[in-house]
Amino acid sequence: MTSQTMTSHLKKTMDRLTKAHPLISVAKIGTSRLGNLIYALTLGHGEKSVLINATHHANEWITTLIALKFLEECAKNPQNWMDNVTLHVIPLVNPDGADAAMNGYPNWKANIIGVDLNSNYPAGWNIAKKYKFEKGYTKPGPRDYVGEYPLSEPETTAMVAYTIANDFALTVSLHTQGEEIYWQYQDYMPPGAEDLAQRMSAVSGYPLVEVPESSAHGGYRDWFIEKFNRPGITIECGLGENPLPLSDFDDIYNKVSPMLLETLKATLS
């Protein structure tokens, strides 16, 4: 990747993809704290919709590249799911933070004003706040501050609005690292979720893991499951220390892409 920032790389990639693959469309779904646009790319024209989102956390920007490559591979090799499913990809939830993490602040996880976007959703937000405050994350900073109130950030507000508007059958959130799959929230058991998670594990070797209680609230997946009682999966891609190096990309993608295909197949059943 030769672009200086993830936002510039995304724009160039979207321009290239839409020119090469007219079936891919781009929508502006919101703006970040600095006014950077948040985009959703879509492919397919089915009644059921699936969402893949990436880079809630700034130093996990490699997930943006994974999501974009998967979308491109799907466009290059149209399959029968495209008649029945619409794939939505929000490749860069946290554009400001990703740019900062790539340019001098590699350990930065939050958005640009220091709110951890994946702790800013309404599901169990007060519980998340309790645990994070106990660990000392009581004010804006590089990681784990939950914000002044749920959905205090334009990035999370945009995600919620887009999700509600599109009535997704299931969602997949790409994070790093750990090579694990999370599929549960509290006592919710969305129909088909466990079976899908097991299928994803089988094609990747990633185990299914229960999220520790101290980290199990305030996230996008948590909110989606609580709101809709439908499968919401988090994939923790790769192993190592964030940000994961680009040299790991091929290995990560080869394990993650079959899992993403399983989500599309599951929507057909």
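What the table below lists for this structure:
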read-out	value
Residue in segment 63-96 that is modelled with the highest pLDDT, counting only those that are more than 30 Å from Glu153 (Cβ to Cβ) and of a type in the set (D, E, K, R)	Glu73
Members of segment 201-245 found to be modelled with pLDDT of 95 or more and charged (D, E, K, R), listed by number	Arg221, Asp222, Glu226, Lys227, Arg230, Glu236, Glu241
Of the criteria (1) out of contact with any helix residue (DSSP H, G or I) (no Cβ under 7 Å at 6 or more places or on another chain); (2) within 27 Å of Thr267 (Cβ to Cβ); (3) at pLDDT 95 or above, which one Gly147 fails	(2)
Selection count where residues are part of a helix (DSSP H, G or I) and either closer than 16 Å to Tyr188 by Cα or touching a His at 6+ places or on another chain (Cβ under 7 Å) (or both), scope segment 201-215	1
Hits in segment 73-116 - residues which are part of a helix (DSSP H, G or I) and closer than 25 Å to Gly178 by Cα	Glu73, Pro95, Asp96, Gly97, Ala98, Asp99, Ala100, Ala101, Met102
Any hit, segment 237-249, residues being charged (D, E, K, R), within 30 Å of Tyr131 (Cα to Cα), outside any helix (DSSP H, G or I) and touching a residue at least 60 places away in the same chain (Cβ under 8 Å)	yes
Flag for Ala161 being out of contact with any Cys (no Cβ under 8 Å at 6 or more places or on another chain), in a helix (DSSP H, G or I) and under 15 Å from Leu51 (Cβ atoms)	yes
Selected residue (criterion: farthest from the chain's Cα centre (by Cα)) from residues of segment 40-51 that are surrounded by 19 or more Cβ atoms within 10 Å (Cβ to Cβ) and outside any loop (DSSP other than H, G, I, E, B)	Leu43
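The values are calculated or read from the model by the stated rules, or taken from the named source; none is laboratory data. Keep in mind that what you see is a predicted model, and the values were worked out from it rather than measured. Here Cβ is always computed from backbone atoms with ideal geometry, including for glycine, and neighbour counts include all displayed protein chains.
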